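For reference, the structure discussed in these notes is given below.
No lab work stands behind these numbers, since they all come straight from the coordinates. Since the model is a prediction, treat every value here as computed from it, not as a measurement. Glycine also receives a Cβ, built like all others from the backbone with ideal geometry; neighbour counts cover every protein chain displayed.
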Amino acid sequence: MKVGDLCLKIAGRDAGKRCVIIKNLGNSRVLIDGETRRKECNLRHLAPLNKTVSIKENASHEEVASLFKSDLASDLSKKKKSRESKSSGKPKKSHRKREKPMKESKPKKKEEKAVGMAKKESKEKKEVK
């Protein structure tokens with residue numbers, strides 16, 4: 001693969017997103033940018049899309065974003081909506097905790113040890129007598 005090849009990320013957090021190769025780093029590693037985060041990536045995590053775009057090596061994110069917006073009809077500069085804009089004015093449903101049935105408590109390990117120690121002591125006293 002070479003600089004300008006359009007790919008699909010198939011592994012990791014950005015899986016399913018399109019990207020373009022910005023720089024070939026050797027040893028099956030490339031620098032990618034696009035709908036994904038700009039980062040170094042293994043070639044095994046990319047699937048080529050049989051499309052090449054004209055872009056210079058080490059292009060900035062703004063250049064890649066404008067390329068995606070114009071040529072590939074994808075807007076990369078979309079900002080995530082804040083929580084206030086997402087709310088529709090409806091109050092949130094409050095979730096009640098489900099009551100769990102009470103279980104019989106088992107004796108604690110410390111108590112078991114104390115009982116075991118008492119039995120040993122009584123056996124030792126009997127043996128001494």
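Taking the criterion of being basic (Lys, Arg) and farther than 14 Å from residue 72 by Cα, the residues of region 1-60 that qualify are 2, 9, 13, 23, 29, 37, 38, 39, 44, 56. Summed over region 15-59, residues that are closer than 16 Å to residue 69 by Cα, touching a residue at least 40 places away in the same chain (Cβ under 8 Å) and in a strand (DSSP E or B) total 5.
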